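Enquirer: Right, I'll just put the structure down here and ask away after.
The values are calculated or read from the model by the stated rules, or taken from the named source; none is laboratory data. Note that the structure is predicted; figures quoted are calculated from it, not measured. Note that each Cβ is placed from the backbone with ideal geometry, even for glycine, and that neighbours are counted across all protein chains shown.
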Amino acid sequence: MKNIIVIFGTFISSISFAQTVNDIPIKDIDVDYVQIIGTGRGLSTKMNVRLDFGQETKSISFKNGLKIKDEKGNTVKFNSMIDALNFMSANGYEFQFAYTSKENDDDALYYILKRRE
């Protein structure tokens, strides 16, 4: 039973290091503040979430360089902004404040986060 727990723990910790933004692992982002931006996904109940930490994007499309990707390069899908906030909390950030704005006729949610000390 201990072996299963150790293997499961190792697997979970390896997953947490696998997410990247613009090919940079989230835990390795060397900034104090980040912004997560959430918009609706049309008929889906999930959210499009992007992470902005002031990075220069490699993509021609600015938004593609802000997407959170898994170890396979697929965009990570979040159920809600709270799901994204919990994800970022697990990666060492804490909530500071939030605001909303219109983005392409859709409400966008902006959360400002600070790295925990």
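Enquirer: Tell me which residues, restricted to segment 49-95, are among the charged types (D, E, K, R) and modelled with pLDDT of 90 or more.
Expert: 83, 94 - these are the residues of segment 49-95 that are among the charged types (D, E, K, R) and modelled with pLDDT of 90 or more.
Enquirer: Looking only at residues that are closer than 18 Å to residue 42 by Cβ and touching a strand residue (DSSP E or B) at 6+ places or on another chain (Cβ under 8 Å) in segment 105-117, which one is modelled with the lowest pLDDT?
Expert: Filtering segment 105-117 for residues closer than 18 Å to residue 42 by Cβ gives 105-109.
From what's left, touching a strand residue (DSSP E or B) at 6+ places or on another chain (Cβ under 8 Å): 106-109.
Numbers: 106: 76, 107: 85, 108: 90, 109: 93.
Step by step, filter segment 105-117, then rank; the result is 106.
Enquirer: So residue 32 fits all but one of (1) modelled with pLDDT of 80 or more; (2) of a type outside the set (Ser, Thr, Tyr); (3) in contact with a Leu (Cβ under 7 Å, 6 or more places away or on another chain); what number is the exception?
Expert: If we test residue 32 against (1) modelled with pLDDT of 80 or more; (2) of a type outside the set (Ser, Thr, Tyr); (3) in contact with a Leu (Cβ under 7 Å, 6 or more places away or on another chain), just (3) comes out false.
Enquirer: Inspect all residues belonging to segment 92-102 and state whether any of them is touching a helix residue (DSSP H, G or I) at 6+ places or on another chain (Cβ under 9 Å) and among the hydroxyl-bearing types (Ser, Thr, Tyr). Please lay out each step first, then the result.
Expert: First, the residues of segment 92-102 that are touching a helix residue (DSSP H, G or I) at 6+ places or on another chain (Cβ under 9 Å): 92-95, 98.
With among the hydroxyl-bearing types (Ser, Thr, Tyr) added as a condition, the list becomes 93.
Looking through segment 92-102, at least one residue is touching a helix residue (DSSP H, G or I) at 6+ places or on another chain (Cβ under 9 Å) and among the hydroxyl-bearing types (Ser, Thr, Tyr).
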